[in-house]
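What follows draws every value from the coordinates through simple rules; no lab data is involved. Predicted model, so just to flag it, every value in this text is computed and none were measured. Cβ: placed from backbone, ideal geometry, glycine included. Neighbour counts: every protein chain shown.
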Amino acid sequence: MIRSVETAAEGFPNIIKVAGHEHGLQLIEDEGLQIVSGAGAKSTYAKKGSKSLFADARQGFVVVDIYEDKTADIQYYAYSDGEINAVYKHRTSYDILDSAGNDTYAELLEKDSVITSANPKYDKVNKLHRKIFGENYRKEWRRQPNFRCFI
């Protein structure tokens, strides 16, 4: 799955990968930035590895502010002792993309959002498969939410 995400992100310089199901707070620099923030209900061990810029096992959340000067702040907040406090801040920069001669970005630059499903094939299984494995969020994977474009 990681390889699939990295392949899909190739050629797009401004992608920040976000994982929201883990039970910890992390910022990883590995062929681009990856934000991990899913510690709203549980706490687990979080180790700062060789590619980690930040790691914290506490419950918390992340806010990303994108500015017109081609920078973005990634701010981590953690909950402890009944309070929420800022615990880490990372500033990154991004490129303004020019659509001239580039069909890949042209459509995105004209819109502020796109509508797409994560993967509609997850809802295309036979009756036996559904009976054995159940629905398992099949309808959610097929849904077509409106995603904001930050270019």
Review point. In straight Cα distance, which aspartates and glutamates are under 14 Å from K48, not counting same-chain residues fewer than 8 positions off?
Key: E29, D30, D56
Revision key, fill the gap. So N136 and V5, fully extended at 0.36 nm per residue minus their Cα-Cα distance, gain in nm 45.1 nm
Revision key, fill the gap. Checked against a 32 Å limit on the C-alpha separation, the offending pairs among K17/K111; K17/K139; K17/K121; K47/K131 are K47/K131
Exercise for review: Starting from the Kirkwood radius over alpha-carbon pairs of segment 2-93, derive D by Stokes-Einstein at 10 °C in a medium of 1.306 mPa s and give it in µm² s⁻¹.
Suggested key: 115 µm²/s
Review point. Tally Lys and Arg at +1 and Asp and Glu at -1 over the other residues with C-beta under 14 Å from the C-beta of R3: what net charge comes out?
Key: -3
